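The values are calculated or read from the model by the stated rules, or taken from the named source; none is laboratory data. Model, not experiment: these values are computed from the prediction. Cβ placement follows ideal geometry from the backbone for every residue including glycine, while neighbour counts extend to all protein chains displayed.
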Amino acid sequence: MTLAYRDLALALLVVSVWGANFTVIQLGLQGFPPLLLAALRYVLALLPAVVFIARPATPNRFWIGYGLTSGVGQFGCLFYAMHIGMPAGVASVVLQSQAFFTILLAAPVLGERITARQLVGMLVAGVGLYLVGASADAHRLVAIPLPAFVFTMVGALFWGISNLIIRLASADARAHDRDLNMLSLVVWSSAIPPIPLLALSMALNGPGAMSMATVSWSWMTVFAGCYLAYGATLFAFGTWSRLLADYPAAKIAPLSLLVPVTGLLTARVVLDEVLTPEQWIGCILIMTGLILSMLRRRARPASIADESSNATH
């Protein structure tokens, strides 16, 4: 089945929105606590959408678990990592290591076999991650603090865990002849992160900084919150879910590999991020490893690495 031109344009718009998402986060973090911005994202994604969208047809443990792992774990770590120095463009690449965490976790949890090609992909990406993380400081070049790199990797790990929760929720829905509406799951799971994120922000920044942030917000903070909630979450995820429902996953999922490309380009144009040659090589190796891990024989069913692209960015 060939993608209609309109749907191809929509898919490219979605990956562009997701890629620019990292630059928008960086802009929103200017003078605003990172975990408070993350909480704002989920409050806006929840309200008023939850009034119009029915609760997902899955046990509560799945959408609550997804809210904790994706909202608090993945994005809490990502926002904090970018706050302490993780560049937006590099974050868009490093976070894609979630595919490898998903593959590694699926082996013991779901009994899925890790192929030789996936192992090679992980090794190639591992070299790339080393090159990105071991960057040296230089004039106008992006230096990455080790804690920022570690928090980004932990965020990718939580993304991998949330992918497994999606797989388990989907299997449970199929077993009970139900359809799992992914947009519904995303909206309802958005009710979970705000309170933990606010509590962590209070512990990290203190009540004084929290109070100051709530009264001294800028229009950039408002724009970032609306973009992350309505653009990157509701519009992009809703459109992506529809495309996955209308077309084979093999036609749609590979387009998600353009997210780091648009992420790097947006960060270069808007934030003037300039990478070292070693970092560029590292980013290329990470993407190469990801592509190798996603390749499969035509007769084989879609791997979990493919399905992981269904998760939010």
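A few notes on this one:
- Residues being surrounded by fewer than 20 Cβ atoms within 10 Å (Cβ to Cβ) and farther than 21 Å from Gly160 by Cβ are entirely absent from the stretch 62-82.
- Every condition in (1) in contact (Cβ under 8 Å) with a residue 60 or more places away in the chain; (2) surrounded by 15 or more Cβ atoms within 10 Å (Cβ to Cβ); (3) in a helix (DSSP H, G or I) holds for Glu112 except the one numbered (3).
- Hits in the stretch 255-273 - residues which are touching a helix residue (DSSP H, G or I) at 6+ places or on another chain (Cβ under 8 Å) and more than 15 Å from Leu12 (Cα to Cα): Leu264, Ala267, Arg268, Val270, Leu271, Glu273
- When Val50, Val17 are checked against the criterion of being within 21 Å of the chain's Cα centre (by Cα) and either aliphatic (A, V, I, L, M) or under 20 Å from Glu273 (Cα atoms) (or both), a single residue qualifies: Val17.
- From the list Val90, Val127, the lone residue that is modelled with pLDDT of 85 or more and surrounded by fewer than 21 Cβ atoms within 10 Å (Cβ to Cβ) is Val127.
- Pairing residues of the stretch 35-56 that are without any contact (Cβ under 8 Å) to a residue 12 or more places away in the chain with residues that are of a type in the set (S, T, N, Q) and surrounded by fewer than 18 Cβ atoms within 10 Å (Cβ to Cβ), at Cβ distances under 7 Å and at least 6 apart in sequence or on separate chains, gives no pairs at all.
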